[in-house]
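Some notes on the structure that comes next.
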Amino acid sequence: MQQNIAIEMKHISKSFGEIKANEDVSLEVRQGEIHAVLGENGAGKTTLMNMLSGIYTPDEGTIAINGQEVVFASPKDSIRLGIGMIHQHFKLVDVMTAKENIVIGQKEGFFTKGKALTEKVKALSEQYGLDIDPDKKVYDMSVGEKQTLEIIKVLYRGARILIMDEPTAVLTPQEIRKLFRIVRNMKEQGCAVVIITHKLNEVMEISDRVTVLRKGHSIKTVVTAETTIPELIEMVVGKKTDLSITKEKLPGKELLLRMDEVTVKDSEGKNALTDVSFGLNTYEILGVAGVANSGQKELCESLAGLIKVEKGRIFFHDENIVGKSPRDIIRMGIRMGFIPEDRLGMGLVAGMDIVHNIILKDYQSQPGIRLKRGPCIEKAKKIVRDLDIQTPGINTPVKKLSGGNIQKVLLGREIDSSPKVLITAYPVRGLDIGASYKIYDLLNEQKAEGVGVLFIGEDLDLLMALCDRIVVLCHGEVTGIVDPDTVTKDDLGLLMTGHTLDEIEKMHGKEGKDA
C-alpha cells in the first residue's frame with residue numbers, strides 16, 4: 001500500500017520579470033519519507049520551497065497538502081497546515097533561553113508558565129529523540145544545539161512537514177550523525193522531511209528518494225537505493241562529468257608565510273584568535289577547518305593586513321608584515337591574492353562592472369597618472385572566457401550576476417595578479433557543482449606554479465580531498481595541524497570541538513601523527 005502523499009506540487013511555474021525560476025515543476029513527498037531536493041545553484045530549489053512555505057505564490061500550478069488543494073496567502077497559512085522551514089541561517093534570539101525562543105510569537109504568549117513549558121518541551125524532545133536544555137541561553141549553545149532548537153521550534157508549532165535548507169553546512173561529523181538520527185526519528189513518527197542539499201554523499205545516506213532540478217525544471221525523481229552518485233551528477237549537470245579531485249604531492253616546498261603566536265581581537269574586544277601559529281609552504285594547499293565563528297574571518301583579515309594584530313608576528317619569507325596596510329604590503333613586493341567570505345561587501349564593488357573591478361586591483365601597479373583601460377578590458381574578456389562567466393557583457397554591473405558568477409569574477413581577478421599567497425575563504429559557497437570543480441582545478445593550477453594557497457572551507461570531505469595539510473581552529477585557537485591522509489573526518493570533528501591530538505590518539509589507543 002502506497003504511503004499517503006504529504007506534499008503534491010503539480011506543474012508549478014514562477015517568474016520574476018523575464019527570469020523563469022521554476023517552469024512546469026512537479027514534486028511529490030510522502031508521509032514518513034526523507035526526500036532530498038538536488039540541483040545546481042540557480043536551479044530553482046529555494047524558489048520552489050518558498051512557494052511551499054507561503055513566501056511566494058505560484059504563477060501556475062497547484063499545491064496539495066495531505067490530499068487537500070491549498071492556496072497560501074502568507075507563511076502563516078503554511079505554518080497552520082503543519083509546514084515548518086528550518087533555514088540555513090538560524091532565526092534565534094541569542095539572549096533568550098531555548099524555551100523562550102520556542103514560544104516567542106505563539107498564541108499562548110511569551111509569558112507561558114515556565115514549569116509547564118519546560119515539561120512540554122521535554123516531552124516533545126523525548127518523542128523525537130531530541131536533546132535540549134529548555135533553560136539554556138542560545139549564546140551558550142553549540143551550532144548543533146541551535147539547529148536542534150530550530151527543529152523543536154517547528155515541531156512545537158505542530159509541524160508534520162519539515163523543510164531543511166542545507167542542514168549540515170556548518171556541523172561537525174558528530175553533529176551530522178546526531179542530526180540524521182533525529183531526522184530518522186521524525187520519519188518513524190510519520191513526518192515528511194524535505195532536505196535541500198548539495199552534498200551527494202549525504203543524499204545517498206539519509207534520503208529515501210531524490211528529486212533533481214535543473215535550470216528551473218524538475219528532471220527526475222528517483223529512489224535513492226536504485227541510483228548512484230555518477231547518475232545523480234549527470235542529472236544535475238546535464239551531461240556525464242568527471243568530478244574527481246586530484247591531490248598531487250609536489251616536491252621543492254619552501255616556507256613562504258608564517259604566523260607566530262598571533263592574537264587578534266574581535267569588534268567586542270574579545271580574542272578572536274589566540275596565539276595562532278602555523279606555516280604555509282610553496283606548492284601547497286593548506287586547509288583551515290572549524291565550526292562557524294572560530295576565527296576564520298579574522299585569520300584571513302590579519303594575513304591580508306585588514307585588521308590589527310594585538311600580539312605576534314606574521315612573516316612573509318623573512319619580513320614581518322604586521323602593522324603594514326594592504327597597500328604597504330603590495331609596495332613591499334608581496335603579492336597576496338585575497339578572496340574574502342563576503343565577496344560583494346569586501347571583494348568587489350557591486351555597482352561597478354567587471355572591467356572597473358579589475359582596474360581597482362591594477363591601478364596601483366600602472367605607471368603614470370593616467371589609467372590604461374585597454375589592458376583591463378582584455379583581462380576582463382580573458383577572465384570571462386577562461387572561467388565561463390555567464391554575463392551579458394564585461395560592462396554589466398557585477399551585482400546583476402548570480403552568486404557563482406560573482407565568485408568567478410573575484411577569483412579570476414585575484415589569480416590574474418600572479419599572487420605568491422592566495423587566501424580563499426569559502427571560495428565555492430553558492431556555486432554549482434560544475435563551477436565548484438572548476439575552482440578546485442584553478443587552485444590546483446596555482447599550487448603547481450608554486451603559490452601557497454590557504455583554503456578555508458566548511459565541507460570536511462572536500463578539505464580532506466583537496467588539501468595537503470589542515471589547520472583546525474576551535475574558539476580561535478589551533479587544536480591541531482594534521483595530514484588529511486592520516487586522520488579521519490571524526491578526528492577533525494573532535495579537533496573542531498576542542499579535543500587535542502593527544503586525546504584523540506588515546507581514544508584510538510595508538511600514537512597519532514602530527515603533520
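Scan segment 154-178 for residues that are more than 17 Å from the chain's Cα centre (by Cα) and either assigned to a helix (DSSP H, G or I) or charged (D, E, K, R) (or both) and the total you get is 8. (1) modelled with pLDDT under 95; (2) over 30 Å from residue 212 (Cα atoms); (3) buried (at least 17 other Cβ atoms within 10 Å of the Cβ): which one isn't true of residue 283, the others all being true? Failing condition for residue 283: (1). If I go through segment 124-149 residue by residue, how many of them are in a helix (DSSP H, G or I), over 25 Å from the mean Cα position of the chain (by Cα) and either not aliphatic (A, V, I, L, M) or not assigned by TED's automatic domain parsing to the domain that holds residue 97 (or both)? Looking only at that region, the number is 4.
With a requirement of 3 or more residues that are buried (at least 21 other Cβ atoms within 10 Å of the Cβ), the strands (runs of 3 or more DSSP E) lying completely within segment 4-104 that satisfy it span 5-16, 19-30, 34-39, 83-86. Of the residues 173, 251, the single one that is of a type outside the set (Asp, Glu) and exposed (fewer than 15 other Cβ atoms within 10 Å of the Cβ) is 251.
Just to confirm my filter: which helices (runs of 4 or more DSSP H) fall fully inside segment 429-496 and include at least 1 residues that are basic (Lys, Arg) and crowded, with 20+ Cβ neighbours inside 10 Å?
On the way: elements: 433-448, 460-466, 489-496.
Counting at least 1 such residues, we get 433-448.
Scanning segment 260-269 turns up at least one residue that is closer than 26 Å to residue 478 by Cβ and of a type in the set (Ser, Thr, Tyr). Of the set (1) touching a helix residue (DSSP H, G or I) at 6+ places or on another chain (Cβ under 9 Å); (2) among the polar types (S, T, N, Q); (3) surrounded by fewer than 18 Cβ atoms within 10 Å (Cβ to Cβ); (4) touching a residue at least 40 places away in the same chain (Cβ under 8 Å), all apply to residue 277 but (1).
For segment 250-269, name all the residues that are more than 25 Å from the chain's Cα centre (by Cα) and modelled with pLDDT of 90 or more. If the condition is that a residue be more than 25 Å from the chain's Cα centre (by Cα) and modelled with pLDDT of 90 or more, then 250, 253, 254, 255, 256, 257, 258, 259, 260, 261, 262, 263 are the ones that fit. Mind checking which residues of segment 214-255 are in a loop (DSSP other than H, G, I, E, B), farther than 22 Å from residue 443 by Cα and touching a Ser or Thr at 6+ places or on another chain (Cβ under 9 Å)? 216, the sole residue that qualifies.
The values are calculated or read from the model by the stated rules, or taken from the named source; none is laboratory data. Just so we're clear, the structure is a prediction, and the values are computed from it rather than from any experiment. For neighbour counting, all protein chains shown are included, and Cβ atoms are generated from backbone atoms with ideal geometry for every residue, glycine included.
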